[in-house]
Amino acid sequence: MNSRQVAMVAGALLIALIAAPAARAADPKLPQDGWVSWPVDAVDGAPSWCCFDSRKGRDAAHGACKLDDRSNGFGNRNDETTDAVQVYARTTGGKLDRLQVLATSCPVETKTPVQQLDGVSVEDSAHWLIAQAKLGGKDAVSHESLGESALAALAMHRGDLARDALAGFARNDARVETRKWAVFWLAQLRGEEGAGITSAAMFADQDAELRKHAAFALSQSKSPRVAPDLIRLGNTDKVGDVRSQAWFWLAQTGAPQAEDAIVAALRKDADSGVREQAVFALSQLPDERGVRALISAAQDRTLPREQRKRAVFWLSQSKSDTALAYLDQVLTQ
């Protein structure tokens, strides 16, 4: 290595040494014990997460979230959205043990004062959450994973950094549960981009449980790709249980093409378990569509007798007048 190369390497190392403390200094500064909080810009269409009393009905006003206790009725109501969220983090003995993200308008109550942090950018916050998701750990109250809470909070953050980090967790994390959380929150909160990443994992991941979970997550998205991708999964996945779940979640979406796709699976899938679950999926179609589809299957003499019997069974579980009338007709024949 000549003198010029040595100088270049030394310069690069010096820059790295100078930059590294600055990057770490941008992390939110948590105390040894107690709560801190900071606001960040939210992703487009972010749900206005808060707490409510489930006993007072869907239209009940938001109540204060008691952050030191398990939330009662936590979530979003009436499709309210927010353009900013507040991250709350609690440490005990220098270790993170509670993490929550809420709409900035959501009132909170804590047993100790909350220290407000200034100057935390959305990128700084995202970097910190990425680190927490990698570390894992358990919530001191719910005993659920802090990593899942970190991914949920990350999904609410505006910007490419949060999206790309979630995609990385979904595609590459060695922990199946972490990949599951990542695909779920991508589908829930990151719009069409998130649905696309979830769909890719649904087809590419080697773990069948992840593919099933991704089918569920995708079914919760408003993306136009939901029905076509679930139909493709139901027709192509190598594992019968995954194909069954694809038909179930397709029916739950109420997509117009659901009946035809599920009935086609009834005719051609080689796995009797998938065919049985496909009949059940027909019963999950919304309103009277499920009843009509089951009656059609029960009357279809080209279908195996066992499947027709299953259709009659699920009709018997329905409280629909149409289903009861059909069963009366069958019994009087």
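The values are calculated or read from the model by the stated rules, or taken from the named source; none is laboratory data. It should be emphasised that the depicted structure is a prediction, and the values quoted were computed from it without experimental measurement. Heads up, the Cβs are rebuilt from the backbone with ideal geometry, glycines too, and the neighbour counts pull from every protein chain shown.
Determine whether segment 50-60 contains at least one residue that is in a loop (DSSP other than H, G, I, E, B), modelled with pLDDT under 95 and under 20 Å from Ser121 (Cα atoms).
Taking every residue of segment 50-60 in turn, none turns out to be in a loop (DSSP other than H, G, I, E, B), modelled with pLDDT under 95 and under 20 Å from Ser121 (Cα atoms).
So which residues in segment 221-241 are under 23 Å from Ala155 (Cα atoms), surrounded by fewer than 22 Cβ atoms within 10 Å (Cβ to Cβ), among the charged types (D, E, K, R) and modelled with pLDDT of 95 or more?
Arg225 - this is the single residue of segment 221-241 that is under 23 Å from Ala155 (Cα atoms), surrounded by fewer than 22 Cβ atoms within 10 Å (Cβ to Cβ), among the charged types (D, E, K, R) and modelled with pLDDT of 95 or more.
Limited to segment 112-127, what total is found for residues that are of a type outside the set (Ser, Thr, Tyr) and either over 10 Å from Trp35 (Cα atoms) or modelled with pLDDT under 95 (or both)?
9
Across segment 269-287, which residue is nearest to the chain's Cα centre (by Cα) among those that are loosely packed, with under 14 Cβ neighbours inside 10 Å and within 26 Å of Pro224 (Cα to Cα)?
Per the criteria, the residue is Pro286.
Which one is nearest to Gln284 (Cα to Cα) among residues in segment 233-273 that are free of Cβ contacts under 8 Å to residues at least 24 places away in the same chain and of a type in the set (Lys, Arg)?
Only one residue fits best here, namely Lys268.
Count, please, the residues in segment 306-321 that happen to be surrounded by fewer than 14 Cβ atoms within 10 Å (Cβ to Cβ) and either within 17 Å of Pro286 (Cβ to Cβ) or among the acidic types (Asp, Glu) (or both).
Qualifying residue count for the region: 4.
Of the residues Ser37, Ser71, only one is at pLDDT 95 or above, of a type outside the set (Phe, Trp, Tyr), crowded, with 17+ Cβ neighbours inside 10 Å and in contact with a strand residue (DSSP E or B) (Cβ under 6 Å, 6 or more places away or on another chain); which?
Going through Ser37, Ser71 in turn, just one is at pLDDT 95 or above, of a type outside the set (Phe, Trp, Tyr), crowded, with 17+ Cβ neighbours inside 10 Å and in contact with a strand residue (DSSP E or B) (Cβ under 6 Å, 6 or more places away or on another chain): Ser37.
When you scan segment 133-142, do you find a residue that is under 20 Å from Ala42 (Cα atoms) and either outside any helix (DSSP H, G or I) or in contact (Cβ under 8 Å) with a residue 24 or more places away in the chain (or both), even just one?
yes
I need a count of the residues in segment 164-193 that are in contact with a Ser or Thr (Cβ under 7 Å, 6 or more places away or on another chain) and either within 16 Å of Gly45 (Cβ to Cβ) or loosely packed, with under 15 Cβ neighbours inside 10 Å (or both).
Of the residues in segment 164-193, 3 are in contact with a Ser or Thr (Cβ under 7 Å, 6 or more places away or on another chain) and either within 16 Å of Gly45 (Cβ to Cβ) or loosely packed, with under 15 Cβ neighbours inside 10 Å (or both).
Evaluate the following for Ala153: is it in a helix (DSSP H, G or I) and touching a strand residue (DSSP E or B) at 6+ places or on another chain (Cβ under 6 Å)?
For Ala153, the condition - in a helix (DSSP H, G or I) and touching a strand residue (DSSP E or B) at 6+ places or on another chain (Cβ under 6 Å) - is met.
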